[in-house]
1. When you go through (1) crowded, with 16+ Cβ neighbours inside 10 Å; (2) among the aliphatic types (A, V, I, L, M); (3) over 18 Å from R48 (Cα atoms) one by one for A114, which number turns out not to apply?
2. Any residue at all in segment 50-57 that is part of a helix (DSSP H, G or I), more than 19 Å from the chain's Cα centre (by Cα) and among the basic types (K, R)?
3. Looking only at segment 6-44, filter to residues that are part of a loop (DSSP other than H, G, I, E, B) and of a type in the set (S, T, Y); which one of those is farthest from the chain's Cα centre (by Cα)?
4. Looking at this structure, is E76 in a helix (DSSP H, G or I), surrounded by 15 or more Cβ atoms within 10 Å (Cβ to Cβ) and within 17 Å of the chain's Cα centre (by Cα)?
5. Residues that are in contact with a helix residue (DSSP H, G or I) (Cβ under 9 Å, 6 or more places away or on another chain), closer than 17 Å to A126 by Cα and either modelled with pLDDT under 95 or of a type outside the set (F, W, Y) (or both): does segment 19-42 have at least one?
6. Among the numbered criteria (1) touching a residue at least 12 places away in the same chain (Cβ under 8 Å); (2) surrounded by 12 or more Cβ atoms within 10 Å (Cβ to Cβ); (3) farther than 26 Å from E10 by Cβ, which single criterion is violated by E69?
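The values are calculated or read from the model by the stated rules, or taken from the named source; none is laboratory data. Just so it is clear, the model here is predicted, and its values are computed rather than measured. A quick note on method: Cβ atoms are made from the backbone with ideal geometry, for glycine too, and the neighbour counts reach across all protein chains shown.
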Amino acid sequence: MVWGAREVKEISIKHTKNAPDRFAREVRPMLRAYAEASVVDVEAQLERATRKKVGSSDEEVMAFLRKHEFTKKEGEAIVRTAKAEEGGARTVWELVNGGTAVARSIPHNDDRVALERRVSGLLRVA
């Protein structure tokens, strides 16, 4: 999962004799800055997700998931898996982890990634 990606840039470097120099000049500084960047924002968002309750019962959690465009079948699988793997299905964090676990069982990459994206989108609620 990638949260809060900012300043996303793409660079294309042809494999020529000058490619290593161009990489060192243009890409290496960006990679260094990324590696040294603070993770405070991400940590804060994940902390909020662990505290943010979305319901006090399975029915309320299912209503929350339906509101966020998950089918009944998807919601039931997410709740069931979150309970099994996270010990509960009441917080955003538990549901995101349950949902990504459900996604791992999907054989087709496109379908799996689509579910992972939708599930990780729940982090915005926190």
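1. Here A114 meets the rest and fails (1).
2. Step one: list which residues in segment 50-57 are part of a helix (DSSP H, G or I), which gives 50-51.
Now narrow it down to the ones that are more than 19 Å from the chain's Cα centre (by Cα): none.
Among the residues of segment 50-57, not one is part of a helix (DSSP H, G or I), more than 19 Å from the chain's Cα centre (by Cα) and among the basic types (K, R), which makes the answer no.
3. Of all residues in segment 6-44, those part of a loop (DSSP other than H, G, I, E, B) come to 6-18, 37-39.
Filter once more, so that each one left must be of a type in the set (S, T, Y): 12, 16, 38.
Numbers: S12: 27, T16: 36, S38: 18 Å.
By that ranking, first place goes to T16.
4. Details: in a helix (DSSP H, G or I): yes; surrounded by 15 or more Cβ atoms within 10 Å (Cβ to Cβ): yes; within 17 Å of the chain's Cα centre (by Cα): no.
No.
5. Looking only at segment 19-42, we keep the residues that are in contact with a helix residue (DSSP H, G or I) (Cβ under 9 Å, 6 or more places away or on another chain), and these are none.
There is no residue in segment 19-42 that is in contact with a helix residue (DSSP H, G or I) (Cβ under 9 Å, 6 or more places away or on another chain), closer than 17 Å to A126 by Cα and either modelled with pLDDT under 95 or of a type outside the set (F, W, Y) (or both).
6. Only one criterion in (1) touching a residue at least 12 places away in the same chain (Cβ under 8 Å); (2) surrounded by 12 or more Cβ atoms within 10 Å (Cβ to Cβ); (3) farther than 26 Å from E10 by Cβ is unmet by E69, namely (2).
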